[in-house]
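Structure, as structure tokens:
Nothing in this text is a laboratory measurement; each read-out follows from the coordinates by a stated rule. Please read these numbers as outputs of a predicted model, since none were measured by experiment. Cβ coordinates were reconstructed from backbone atoms using ideal geometry, including for glycine residues, and neighbour counts include every protein chain displayed.
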Amino acid sequence: MNMNEYENNLNKEGYNFIGGCDEAGRGPLIGPVVAACVVFPKGYTNEEINDSKKISEKKRDKLYDIIMKDALAVGVSIISPKTIDEINIYEASRLGMINAYKQANEKVKIDYLITDAMPIDTLDIPVLKIIKGDAKSVTIAAASIIAKVTRDKIMYELDKKYPEYELCKHKGYPTKKHLELMEKYGIIDEYRISYKPVKLEYDKKNFNKSH
């Protein structure tokens, strides 16, 4: 798969500043969802940039620095667990991408946006959603790396605050060990109450308090 195919085709159509959007952290029970938008110079290539899930943490960290240096613009949006609970994770991911786009758009006038499977119809520029876009587009893949590294940093900070939850190991995803620790230590503010395993734990604790 040529990771530059979408960008090259759009350049040929006359679009110069293509933003790629992705998010990290839809699945975890705790912490924010983070979205990013990246704009590269026309014709930019980097063979190492790929879907963040397919590369090691060490390589992601290295690529993060390269992307931040090479990109014309980078936008990052952090959507809190509270907002996720209020509007649901899908809408929170969409809101994050819109915010990240707006941030990047302040630095360079984006004329076309491509996203990882997220429809956005409220912008005044064309938007193309690409299924599994982070494995097909260098720009979306770069956004997936920025979002993932940013979110992991947040989880490491939370881990320092709440070491008993071992967040540095599972990053908030619902592993067997994480569920056991959540049951043992209870729900803290950074949990997403609307997520089923958290809600069950939350309801159980409140039930026990009232009986």
*Full-extension gain in nm, Lys169 to Lys196, via 0.36 nm per residue minus C-alpha separation*: 7.6 nm
*If you bin every alpha carbon distance in segment 145-207 into 5 Å steps from zero, what whole percent lands in each bin?*
4, 18, 28, 25, 16, 7, 2, 1, 0
_Just to confirm the number: angle between the C-alpha axis of helix 89-107 and the first principal axis of the chain, 0 to 90 degrees, nearest 10?_
40
*Relative to the Cα centre, what is the charge dipole magnitude of the chain, using +1 at the beta carbon of each Lys and Arg, -1 at the beta carbon of each Asp and Glu, and rounding to the nearest 20 debye?*
540
*Where in the chain lies the longest segment free of GluC sites (Glu not before Pro) that are both loop residues by DSSP (not H, G, I, E, B) and have at most 15 other Cβ atoms within 10 Å?*
49-165
_Net charge over other residues, Cβ less than 11 angstrom from the Cβ of Tyr195 (K, R count +1; D, E count -1)_ = +2
*Rounded to the nearest whole Å³, what is the per residue volume of the convex hull around the Cα atoms of segment 98-211?*
154
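So what's the chain giving for Rg/Rh, alpha carbon basis, Kirkwood Rh from the mean inverse pair distance? Don't jump to the answer; show the numbers that get you there.
Numbers: Rg = 18.4 Å, Rh = 17.8 Å.
Rg divided by Rh gives 1.03.
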*Give me the angle, in degrees from 0 to 90, between the Cα long axis of helix 57-70 and the longest principal axis of the Cα atoms of the chain, rounded to the nearest 10.*
40
*By how many degrees, between 0 and 90 and to the nearest 10, does the Cα long axis of helix 196-210 differ from the longest principal axis of the chain?*
30
*So what are the ³J(HN,Hα) numbers for segment 163-169, from phi and the Karplus equation (6.51, -1.76, 1.60; θ = phi - 60°), rounded to whole Hz, Gly and Pro as x?*
x, 5, 8, 6, 5, 5, 7
*Normalise the Cα radius of gyration of segment 1-116 by 2.2 N^0.38 Å (N = residues in it) and let me know the number.*
1.09
*Rounded to the nearest Å, what's the spacing between the alpha carbon centres of segment 133-181 and segment 71-97? Just the number, please.*
15
*Suppose R0 equals 22 Å; then what is the FRET efficiency for Tyr156 and Arg26 from their Cβ-Cβ distance, rounded to the nearest 0.05?*
0.70
*Take the chain, connect every pair of alpha-carbon atoms lying under 10 Å apart with a spring to form a Gaussian network, then pick out the residue of Lys109, Lys177, Lys12 with the largest mean-square fluctuation.*
Lys12
